[in-house]
Amino acid sequence: MTAMAQATPTELIHRLPAVRGRYTADAPLANITWFRVGGPAEVMFRPADRDDLITFLRDRPRDVPLTVIGVASNLLVRDGGVPGVVIRLGRGFAGIAAEDSDIVCGAAALDVNVATAARLAGIAGLEFLSGVPGTIGGALRMNAGAYGTETKDVLVSAEALDAGGTLHVLSPGEMGYAYRHCAVPEDWIFVGARLRGHRDEPEAIARRMADVQDSRTTSQPVRTRTGGSTFKNPPGAKAWQLIDRAGGRGLTRGGATVSEQHCNFLINTGTASAADLEALGEDLRRRVREDCGVELEWEIRRIGVAGPGRAQGGAA
């Protein structure tokens, strides 16, 4: 890492503003990613609450790179780790409250917990979130969706802090949503959202949530070290079908393999490096390109730098 070569993580902490949250130097990331791979964060910052994060953003050195992560369900951290400061929102951003037919929640709230809170409050329309691994912050950033519903379909407003710590309340139209895409600047940090459903009986909502969970368990390798859907579906096609046609099902590289159950999922069999997983993904992209001329686009977010002697794949 360039930043690590210039100063130690502890020295970087000394340059950062005083906060009420916690700084951790050389913080392991592999143990929190669903893939269970990747190098450390130079420094991890867990803000105590929104005001603490605002203070940090306002007073931080502008030359220090920032990266925001959630529960790392759709994330590949490269083997060399992540330079600068990795921000991980925690308990102070995980609140969930029901208001009439709305759910007001923090960006660190788990999608499945939001769906559950909605069910208990008799609010329907958010059942799809029980099939989306990750947090509301990630759902806002990528317009996450499942089973015919996307985040944009239920969003009333999103709250985000810009790079200087100024709070913005954004309407769905201001989010610039498209399929698995959000036009909000990458250096803005989502901190909360208001989602709207409609009234229904909790028992009926529970049945639909159970159907979502059953469908996900049947069709996806949910009990493996995976990172969710690897590639976005191209217009008019399914990524898994193109991968299957190109001979990608079951393909391996090092300790990484393409799921036999759903070939748009990469799996760490236990010994994979991040480089193995990324190279396997790039091999699938090449095979599909050569087979049918379609350029698959990564859905998994890839961050950090390659480890020593490793070549990283295409740009994140």
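Throughout, read-outs are computed from the coordinates displayed, never taken from laboratory work. Since the structure is predicted, the reported quantities are computational estimates derived from the model, not experimental observations. A quick note on method: Cβ atoms are made from the backbone with ideal geometry, for glycine too, and the neighbour counts reach across all protein chains shown.
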Self-check item: Square roots of 5 times each gyration tensor eigenvalue, C-alpha, the stretch 2-91, largest first, Å
Solution: 20, 17, 10
Practice problem: Among SER130, SER259, SER219, rank each residue by its count of other Cβ atoms within 10 Å, from fewest to most, as a rough exposure measure. | Solution: SER219, SER259, SER130
Practice problem: Select from GLY197, TRP240, VAL184 the residue farthest towards the positive end of the dipole of the chain; place +1 on Cβ of Lys and Arg, -1 on Cβ of Asp and Glu, and compute about the Cα centre. | Solution: TRP240
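Quick one: of the DSSP bridges fully inside the chain, what percent are antiparallel, nearest 5?
80 percent
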Quiz item: Just from its helices, what would the mean residue ellipticity at 222 nm be for the chain, if runs of 4 or more DSSP H residues each count -39500 (n - 2.57) and the sum is divided by every residue, rounded to the nearest 500 deg cm²/dmol?
Solution: -8000 deg cm²/dmol
Quiz item: With the Cα gyration tensor of the stretch 161-316 giving a ≥ b ≥ c as the square roots of its eigenvalues, does the rule (a/c under 1.5 for rounded; else a/b larger than b/c for prolate; else oblate) give rounded, prolate or oblate?
Solution: oblate
Self-check item: Global form of the stretch 149-246, assessed from the alpha-carbon gyration tensor, a/c cut-off 1.5
Solution: oblate
Quiz item: Sorted from largest down, what three extents in whole angstroms do the Cα atoms of the stretch 203-294 have along their principal axes?
Solution: 48, 35, 16
Quiz item: Which net charge results when you count Lys and Arg as +1 and Asp and Glu as -1 among the other residues whose beta-carbon is under 9 Å from that of TYR147?
Solution: -1
Practice problem: Decide, for the stretch 93-219, between rounded, prolate and oblate: order the square roots of the alpha carbon gyration tensor eigenvalues as a ≥ b ≥ c, take rounded if a/c falls under 1.5, and otherwise choose prolate if a/b is larger than b/c, else oblate. | Solution: prolate
